[in-house]
1. Residue-wise, which Karplus ³J(HN,Hα) couplings in Hz belong to region 342-349, taking 6.51 cos²θ - 1.76 cosθ + 1.60, θ = phi - 60°, and x for glycine or proline?
2. Along each principal axis of its Cα atoms, how long is region 232-337 end to end? Whole angstroms, biggest number first, please.
3. Short version: ³J(HN,Hα) in whole Hz for each residue of region 130-136, in order, from phi by Karplus 6.51 cos²θ - 1.76 cosθ + 1.60 (θ = phi - 60°), x for Gly and Pro, what are they?
4. If you count, for each residue, the other Cβ atoms within 10 Å and average over each peptide, how do 360-371, 117-128, 160-171, 193-204 line up from highest to lowest?
5. Could you give the nm distance between label points at residue 215 and residue 262, where each point is 7 Å from its Cα heading toward the beta carbon?
6. List the aspartates and glutamates whose Cα sits under 16 Å from the Cα of residue 331, skipping any in the same chain fewer than 8 residues away.
7. Tell me, what ³J(HN,Hα) does each residue in region 233-240 have, in order and in whole Hz, if you take phi through Karplus 6.51 cos²θ - 1.76 cosθ + 1.60 with θ = phi - 60° and put x for Gly and Pro?
8. Pull out the extension gain between residue 301 and residue 350, defined as 0.36 nm times the separation in residues minus the alpha carbon to alpha carbon distance; nm, one decimal.
Amino acid sequence: MSQAFARLRQPLRAASRQVAGPSSRNAAPSFRASFRRFNSTEAPKPPKSNTGLYAGIAGGALLAGIGYYYYSSGMNPATAAKSGAQAAKVATNFVPSKEDYQKVYNKIAQMLDEAEDYDDGSYGPVILRLAWHASGTYDKDSNTGGSNYATMRFEPEALHGANNGLDVARGLMQKIKEEFPWISYGDLWTLGGVAAVQEMGGPKIPWRPGRIDGTAEKATPDGRLPDASQGSDHLRNIFYRMGFNDQEIVALSGAHALGRCHTDRSGFDGPWTFSPITLTNDYYRLLFDEKWVWRKWEGPKQLQDKSTRSLMMLPTDYVLVQDKSFKKYAKQYADDQDVFFKDFSDVVARLFELGVPTEQFVSKEPWVMKNADEE
């Protein structure tokens, strides 16, 4: 038995005897959807081209992170013991290929459509929000935050106001994690974001694995994500800190074509578009084409369309047509969805890699994952 495996076995055995889980606030809620489980297939042989790179992640990053995973995952002892044996196999014999990650993608894509009556019938928007908020904590000056350590698993980051409601997404992704225990949370969550965009009619988002799981000490302070009640200065402070410019701020804002706000999460209420589970450039078109008025209600300050009063825009959305620099990019995207899709793909791919050292990635070039209907 190798020395590496012997060193790994001791913390895995300890984890099977004593498992400490996250707060019950983050436990997966009970959903009406019935999650069908698939038997894992036998691990394929590693491709010749990336063997060295994969081994670096599987043998180095996995050995560093697997022991802590069982401490933080919230598994019961029996499940932890079983998964511990799987993890030992992962660390010593299993080198995941692109095809293995494609299987994870496919499982996520299947889960997105099992939402039944959740919101508008898809988990896609909340899964994308999880990937976005896990990545958008990056600070380029201190080189902290970002998707590398998936620290939203821990309090107090899990309880930050901007992350309200994301326990739903973390619970859903935990089910995927239990089926594919070899994938890191950072890779899983960002791959979920890729799947959400692509399966909701958006562009391909180049992606590659290599993120590792960190500890609670790596969690980021509150205040790094956008406050929707603020204006253009706030947006620039938040996004410039991540390393984005004005054009990229406007492109990333296009994610608001998807999903809706909830009064029990952000305090705001309503969808941005008439098709909240399909990614289009309607978010920008509506900003220019509709007349927006301030909603008269007891909630926080938000706008609604004057014609139907069924849509809403946040103060941070409305500044895209008020600020001169933002407005020119918003108009480009309103006029041409192809331009929006290209820029959105580029900037989301960058967003999901924030905080990840280049040497950790298992591939020099990002991959393009197949949509579910392409498999």
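Rule-based calculations on the coordinates, nothing more; no lab input. Being a predicted model, the structure only gives us computed values, none of them experimental. Here Cβ is always computed from backbone atoms with ideal geometry, including for glycine, and neighbour counts include all displayed protein chains.
1. Whole-Hz 3J(HN,Hα) from phi for region 342-349: 5, 5, 5, 4, 4, 6, 5, 4.
2. For region 232-337, the Cα extents along the three principal axes come out at 35, 28, 24 Å.
3. So the Karplus estimates, Gly and Pro as x, are 4, 4, 5, 6, 6, 9, x Hz.
4. On the way: 360-371: 16.0, 117-128: 21.4, 160-171: 19.3, 193-204: 23.3.
The peptides rank, most packed first, as 193-204, 117-128, 160-171, 360-371.
5. In this crude label model, residue 215 to residue 262 measures out at 3.3 nm.
6. Within the straight-line cut-off, residue 331 pairs with 246, 248, 282, 289, 290, 317, 323, 343.
7. So the J values, rounded to whole Hz, are 4, 4, 4, 5, 4, 5, 7, 5.
8. Working: separation 49, 0.36 × 49 = 17.64 nm, distance 3.13 nm.
Value of the extension gain: 14.5 nm.
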